[in-house]
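Taken together, the values in this text are just the output of simple stated rules run on the coordinates, not laboratory data. Worth saying up front: this structure is predicted, and the values here are computed from it rather than measured. Quick reminder, even Gly has a Cβ in these numbers, built from the backbone with ideal geometry, and neighbours come from all protein chains shown.
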Amino acid sequence: MGTPSRGLGKTYVPRGTRSRVVRIGGSTYSKRPFEPQVRELKEAGFDYWEFDLSWIDPTPKLQAEATAIAGILPAETAHLPPPRFTEEDQARFQRFLDIAAPVGPRIFNVHLMPAKSAAGVPLDVRTVWLAELVDAAHSRGLTITLENVEEPLSILAEVFTRIPRMKACLDIGHASLDGDNERPFQLLSLIRDRLALVHAHDNRQGHGEAGDLHLPFGRGTIRLEEVLRTVRKDSFDGHATLELFTGTMEEKADSLARARAWLDS
């Protein structure tokens, strides 16, 4: 069974493993050409690539380019841009669903934190906006995951309660900032029945955006093995994207090997 962990005033108890293997992918960065990034991920042994939509527009040209690249390695998840929570952004994000889904992704990840240009948008506005996006995705047979950034657990709990169809992305790196070794387990306790995607990367557990280094495994201080083994023991059999923004191909391959060992055990 494993050792129970404490979180949100209750005990988090792993529930045993399944036989299915977790799919492990690698992140991309849309300010750079996709093809070299995807070829490197394939050579390193990743199962899929996460389609970064953060800095591009939803155009037929993008779809054609990504479809060709998906022949190199499947695109199975996608990362939506930082939202401004406007009507215009709602239409734009739904266009992303229509453009990117035919390429391969069934899971589209989004943040609750607004884009810097839209700081201060009330939580109620963000929640209503997200609910509309989740419904739009559901009607297309797609899944929206909400990724933790720096929100209090109480806020995340409220949003998930108000949007029953929305799934969760556990970002282990974000959860471990400010030297917090318990927050990943507290988040697991909160989202255990919603978890569809994991983002894994290392950092030195500093503060905020400056501390969010997205390092290869072992170059920071996060207890990644403990967290990933706990994720797997709780019957997770979804997708895990290694969001490694620095490092050589060898370091990325080593991170992948560690993730496989910890998630397949």
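A few points about this structure:
- Measuring against 21 Å, Cα to Cα, the residue pairs LYS167/LYS233; LYS42/LYS233; LYS42/LYS252; LYS31/LYS61 contain LYS42/LYS233 as the ones spanning a longer distance.
- Shape call, region 106-265: gyration tensor on alpha carbons, a/c limit 1.5: prolate
- Full extension of the chain segment joining SER139 with ARG32 gains 35.4 nm, where the gain is 0.36 nm per residue of separation less the Cα-Cα distance.
- The chain - share of DSSP beta bridges that are antiparallel (%, nearest 5): 10 percent
- Percentage relative contact order, the chain, counting C-alpha pairs under 8 Å, at least six apart: 22 percent
- Each Lys or Arg adds one and each Asp or Glu subtracts one; over the other residues with Cβ under 13 Å from the Cβ of VAL103, this totals -3.
- Spin-label pair THR161/ILE72, simplified geometry with 7 Å Cα→Cβ offset, distance in nm: 4.6 nm
- Calculated FRET value between ASP124 and ASP178, using beta carbons and R₀ = 25 Å, to 0.05: 0.40
- The residue among LEU195, LEU177, GLY208 whose Cα reaches farthest toward the positive pole of the charge dipole of region 155-215, with charges on the beta-carbon of Lys, Arg, Asp and Glu, is LEU195.
- Full extension of the chain between LYS61 and ALA91 yields a length gain of 9.0 nm, computed as 0.36 nm times the residue separation minus the alpha carbon distance.
- Shown for ILE56, ILE222, ILE24: other C-beta atoms within 10 Å of each C-beta, ranked fewest to most, produce the order ILE56, ILE24, ILE222.
- Stretchable slack from ASP254 to ARG204, in nm (0.36 nm times residue separation minus alpha-carbon distance): 16.2 nm
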